[in-house]
Amino acid sequence: MLMMPAHFTPGTRINPLQAGIRFVSAVIGPDLRGGSADTPPQRANSGWIAVLCLTVATALLLVVAGHAAGRRGYEVAPLLFWPGIVLLVAPTSLRIAWPTTARGERVFLLFLLAEALFYCKVVYSPTSFIGHDEFLHWIAADDLMTARRLFLSNPLLPIGPTYPALEIVSTAIVNLTGLPLFVAGTLLLAVLKGTFIGALFLFFESITGSPRIAAIGCLAYMGCSTFVLFESMFSYESLGIVLCVLIFAVEAASKDLVGRERLKALGLIALLLMSLSVTHHLAAFYAAIYLGAVAILEALRRDASMRSEARIAVGFTGTLAIALPILWMEARGNHLAGYLGPIVETGFKTLLGKITGAPNSDQLGAPPQPLAMRLTTLLAILLLALGLATGFFRSLAMAAPSDARTGWRPLQDVLGRRWRDSRLVFLSLLAFGFPISVAFRLTIGGWEIGNRMGTFVFIGVGLVVGVSVVHFWEGRTRRGWRRIAPAVALAVIVLGGVTSAALEPLRGRYRVAADQQSIESMGIETALWTKAWLGAGNRFTSDRINRLLLASYGRQDVRVKIVEGVAPSRVFENETLGPDEFWALVRSDIDFLLVDLRLSTAPPVLGFYFEPWQRRGTPLSGAELLKFNDIKGITRIYDNGWIVIYDVRGLHENL
Amino acid sequence: MRICRKLDLLAACLWAGAAVAAVAVSDSLLIRTALGAPMVFLVSGHTVLRAIGVRTGSALQHFVYAVGASLAAGIAGGFALNAAGSLTPLGWALWFWGVTAAAAPVAACRRDTPDLPAWPAPARVRLWQGAAFMLALLVATGAYALAVRDEAAYREFKYTAFWLLPSASGESGRITVGIRSAETQPQLLDLEITLDGQPFAIFRSLTIAPGESWAREIPVPVLATPQKADARLYRPEDNRLYRSVSTLVPRI
């Protein structure tokens, strides 16, 4: 039963409308007296830790078995994999969210859960990188190790050379240890995962003063669609978001420092901000938004007791967070608009089209997911929405001065610009981004914006849900369902993070144009063959997947254009090579075309074979792909039954 | 109880020196990883943190900040070494040693360097708990090993690759023909090569075992005009064309 004021007790005659308003007010209102945030300090329970370690290990074994069965297309695969995931997430989440768990135990279990989820990502492909973005950074890191120079061009990720920090750190590990790049990268990502969770916990703990809210906030963050996979990839965002949250943690911990101590903290923040500026554009943007907003809120804040020194420090940090990425972009030439601009434009157009019901706003449907996965994601979103509804005003109330925590008075104070902590105010408002990010994720064009937004927005969501669970759902008594239900809900939210992380987190058989589900040994061996028999650095073009394999395993110079204005899709699609495409090939410097006949077996899972903006709902035909057989000057030098390589160098001799 | 001595700084310097020595003289992955990885992730950042004088309230906070500072030191090192043209193993080892050796004296000499935070009290671990923990580690490691083995062993597509290239060694007047089997059974194949439509070479009853490759360089006449070489692979069991490839023989 929810906590209700005394006047709701039986026998009291009240107006139903008033009762309804009071009920809603009691549910969403800013009452913080529902429960004291933390239990008295106690020791970590080694017994629970041992049992949970063993449970997690068993779960990981099931996950590995699930992947092995999935590779072979066995129907039993989901019956191994998903129970493994549930066994991994549920008991650990329950224990972390349990009201009486000690701080040290919560922290240990958060690390355990985060690293175990990372393990699940790694065992999907335990010997090599497999994600699309991972290939892009792997190629860049390989180039850096070969040439021993920074800022080498990367045709598959033109903005990549401007943000080389991930490649720098990973190649530093390779150089110092002698480990292969995959192992060094995986080690780096494992450390980053732990650091992220540690920093997020410290950040929440600094601003709320409660390890319990901090731990629950971290659990809620794991419900973000980017936590399990996207932020665990060998990609610059994985490093960027860690530096970003670390900066937030250092800044929040320094909020009460004065004099030289504050200056020292500023020194560390400046160092981290400089690193972030050269690491990842969006993460630097998140830091600029957060620190800039905190600086503005501090300037707006009415608090006679607030020292001008503190305002100056926050203002300086905000200015630095905004200025450094801009300076770096200017120094390197601003490619960001060209890179992110089309994504943002398409996303907004598609969302607006969806809202206004414009035709053709999102022609092709989203790739299908199993029903159970979709239901889990939906349930997690609903639970998060419930947490936000019941936690938003409470989070704002936490920011109010401590002497004014009754009824709606704290919110009046906040509206009157009297608050204790601008960070709490901003993060509470930031949580509003959650429904917007979900709306974007409902469209194909806006999916990427929603996904990227989630990374940042979930910091606010984590805080608000943490406050909601501790101050409303668990309440003061913390018995019966009040103990169990919030913990179960949090476990479902974390499971939602797994189900929304990828179309199919379980390894399966080859699928056409499905990014990591399209990477398998035949494609890899063909790319390796090109390196062994043709040498590295030949100019190749192909579909999106084989381009990645050729550039990484094959070390080939892959091209995303035949010549300026002619995309590879124009050459590969259509049953005959039109004069424009033929002459484009003749004029180009392309040496080889790689044709994957598997593309003719099914429509592209992600909706495109070549580039995301070239969407297509039907499969390519064999005639389209094999039309090069009969063109004079083109020879078919390699054929393995599925993959064919054409040598087009003979065409250039016709010029 | 807080650790107030500065022995950690001396240990960090020694560690950095040992890492340089390991990179300079050793090829052992184990030694270099044991000494090098902590330099990238922790040791350099720890000394930088101490040099700046940031006070940390808990071991967790100190470790997290130290990792962040280490990453920052590593990123800065990338730019510095790039400018110096020294993005080499020894360059990296010297960079981290330099950061540690420069930061440690600053931290040691300043008066207001904060003490290290107290370590959390060690939890009492019973025998069964320790055994469960070790078993968990073993199961997780074993599962990973199984995943690696399974990835290497399983192939979804069984195929025979066939190729014909102008010349693998770069010599004119030669073509290279090759077959590689990624099937599950040995393959018996016949190979025919034609030059501008005229029969040129035949290889009968080639047996290619799974995982095996077969390749030959074949001398061909070089003419003033390019010739087209075609190679066809047949399976004697059904005498049907199985694969077909072609290449141009460069002219003189």
- B versus A: buried accessible surface, summed, Å² (probe 1.4 Å, to nearest 100): 7200
- Magnitude of the charge dipole, the range A:559-607, Cβ model with Lys/Arg +1 and Asp/Glu -1, debye to 20: 120
- Item | Above-threshold pairs, the threshold being 28 Å between Cα atoms, out of A:LYS193/A:LYS264; A:LYS121/A:LYS561; A:LYS349/A:LYS627 | A:LYS121/A:LYS561; A:LYS349/A:LYS627
- Query: Across chain B, where is the longest run that never hits trypsin sites (Lys or Arg not before Pro) in a DSSP loop with at most 13 other C-beta atoms within 10 Å?
  - Reply: B:6-109
- In debye to the nearest 20, how big a dipole does chain A give about its Cα centre with +1 on each Lys and Arg Cβ and -1 on each Asp and Glu Cβ? 2420
- Considering every residue in A:60-68, what mean count of other chain Cβ atoms within 10 Å of its Cβ is obtained? 5
- Work out the mean other chain Cβ neighbour count within 10 Å for the residues of A:48-54 and drop it here as an integer. 6
- Gyration tensor verdict on the range B:159-249 (Cα atoms; rounded if a/c is under 1.5, prolate if a/b is larger than b/c, oblate otherwise): prolate
- Query: Hey, if you put +1 on the Cβ of every Lys and Arg and -1 on every Asp and Glu Cβ in chain A, which of A:ASN574, A:TRP473, A:VAL51 ends up farthest toward the positive end of that dipole?
  - Reply: A:TRP473
- With Cα atoms, 0 to 90° folded angle of helix A:181-208 axis to chain A main axis: 20
- Let me see the pair-distance distribution of the range A:582-631: every alpha carbon pair, 10 Å bin width, integer percents in order. 22, 44, 32, 2
- Task: Choose one of A:LEU620, A:ASN538, A:ILE637: the residue whose Cα lies farthest towards the positive end of the charge dipole of the range A:515-652 (beta-carbon charges +1 Lys, Arg; -1 Asp, Glu; about the Cα centre).
- Result: A:ASN538
- Principal axes of the range B:7-109: Cα extent on each, largest first, Å: 39, 30, 24
- Could you tell me which of rounded, prolate or oblate describes the range A:551-600, using a ≥ b ≥ c as the square roots of the eigenvalues of the alpha-carbon gyration tensor, with rounded for a/c under 1.5 and, failing that, prolate when a/b is larger than b/c and oblate otherwise? oblate
- Query: Where in the range B:44-78 does the label zone of B:ARG111 land, with the point 7 angstrom along Cα→C-beta and an amide N cut-off under 20 Å?
  - Reply: B:50-55
- Message: Tell me the mean residue ellipticity at 222 nm calculated for chain A from its helices only (DSSP H runs of n ≥ 4, each -39500 (n - 2.57), averaged over every residue, nearest 500).
- Response: -19500 deg cm²/dmol
- Compute the accessible area per residue over the range B:7-109, keeping the other protein chains in place, probe 1.4 Å, unit Å². 36
- Packing-wise, with mean Cβ within 10 Å as the measure, how do A:583-589, A:172-178, A:336-342 rank, highest first? A:172-178, A:583-589, A:336-342
- Task: Could you give me the radius of gyration and the Dmax of chain B, taking only the C-alpha atoms into account and expressing both in angstrom?
- Result: 31.5, 90
- Correct semi-axes for the range A:487-536, from √(5λ) of the alpha-carbon gyration tensor and rounded to whole Å with the largest first, are 38, 10, 7
- Rounded to the nearest 5, the percent of antiparallel DSSP beta bridges in the protein assembly as shown equals 95
- Item | Carbon plus sulfur fraction of accessible area for chain A, probe 1.4 Å, in percent | 65
- Item | By average C-beta atoms within 10 angstrom, highest first, the peptides A:632-638, A:455-461, A:57-63 | A:455-461, A:57-63, A:632-638
- What net charge is computed for the residues neighbouring A:ALA532, neighbours being all others with C-beta under 13 Å from the C-beta of A:ALA532, Lys and Arg scored +1, Asp and Glu -1? +2
- Once label points are set 7 Å from the Cα along Cα→Cβ at both B:VAL25 and A:ARG260, what is their separation, rounded to one decimal in nm? 4.1
- Task: Name the helices (complete DSSP H segments) of chain B with a Cα length along the long axis of 15 Å or more and a Kyte-Doolittle mean of at least 1.0, or state none.
- Result: B:7-25, B:59-84, B:89-109, B:127-153
- Task: For chain A, find the longest principal axis of its Cα atoms and tell me its angle to the long axis of helix A:259-277, 0 to 90°, nearest 10.
- Result: 30
- Item | D_trans [Stokes-Einstein, Kirkwood Rh over alpha-carbon pairs] for the range A:411-475, 25 °C, 0.890 mPa s, µm² s⁻¹ | 189
- Task: Would you calculate, for chain B, the mean residue ellipticity at 222 nm contributed by helices, counting each DSSP H stretch of 4 or more residues as -39,500 (n - 2.57) and dividing by all residues, to the nearest 500?
- Result: -15000 deg cm²/dmol
- All alpha-carbon distances of chain A, grouped into 10 Å bins from 0, give the whole-percent distribution 3, 14, 24, 25, 18, 10, 5, 2, 0, 0
- Item | With Cα atoms, 0 to 90° folded angle of helix A:46-71 axis to chain A main axis | 30
- Note on the structure: Expected integer from the mean partner chain Cβ neighbour count at 10 Å over B:227-237 is 1
- Message: Going by Cα centres, the range A:432-495 and the range A:118-196 are how many Å apart?
- Response: 31
- Please list, or write none, the lysines whose alpha carbon is within less than 21 Å of the alpha carbon of A:LYS632, excluding same-chain residues fewer than 8 places away. B:LYS228
- Message: Percent of Cα-Cα pairs more than 20 Å apart in the range A:488-635, please.
- Response: 54
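The values are calculated or read from the model by the stated rules, or taken from the named source; none is laboratory data. Keep in mind it's a predicted model, so treat the numbers as computed, not measured. Counting neighbours? That spans all protein chains shown, and the Cβs are built from the backbone with ideal geometry, glycine included. Ligands, DNA and RNA are excluded from the accessible area calculation, which covers all protein heavy atoms including side chains. Shrake-Rupley method; radii C 1.70, N 1.55, O 1.52, S 1.80 Å.
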